[in-house]
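The values are calculated or read from the model by the stated rules, or taken from the named source; none is laboratory data. Note that this is a predicted model, so its numbers are computed, not measured. We place every Cβ from the backbone using ideal geometry, glycine too, and count neighbours over all the protein chains shown.
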Amino acid sequence: MSKQTGFQCACAVLWPSFLVATIATMLFFSVFDPDHIMVHTWFPNMSQIGAYTIGFLGFWALGAVSSLLTCFLRRSPCSVKVRREDR
């Protein structure tokens, strides 16, 4: 198994989470109107584009955390160096 570089790991996390964020943003804002959501927040005068941007970045962050957790959990036990303390 080849060792991944930092760039490959970053791409493996960020690209799928970007795709998921675009789909999640489209689905979420096709159901909920940003004007109605923003009235109940600290930013009632924010534009729709601002609400779309915050929503997209939030979905992207959630997708990135999910992808990062997947990459972390799929490592083999042999690749993880465990430091054992002698007793």
Can you name every residue in the range 24-47 that is at pLDDT below 85 and in a helix (DSSP H, G or I)?
Pro34, Asp35, His36, Ile37, Met38
Check Ala12, Ala51, Ala21 and return the single one that is surrounded by 12 or more Cβ atoms within 10 Å (Cβ to Cβ), in a helix (DSSP H, G or I) and either without any contact (Cβ under 8 Å) to a residue 24 or more places away in the chain or among the hydroxyl-bearing types (Ser, Thr, Tyr) (or both).
Ala51
Go through (1) at pLDDT 80 or above; (2) outside any helix (DSSP H, G or I) for Ser79 and report which single condition fails.
(1)
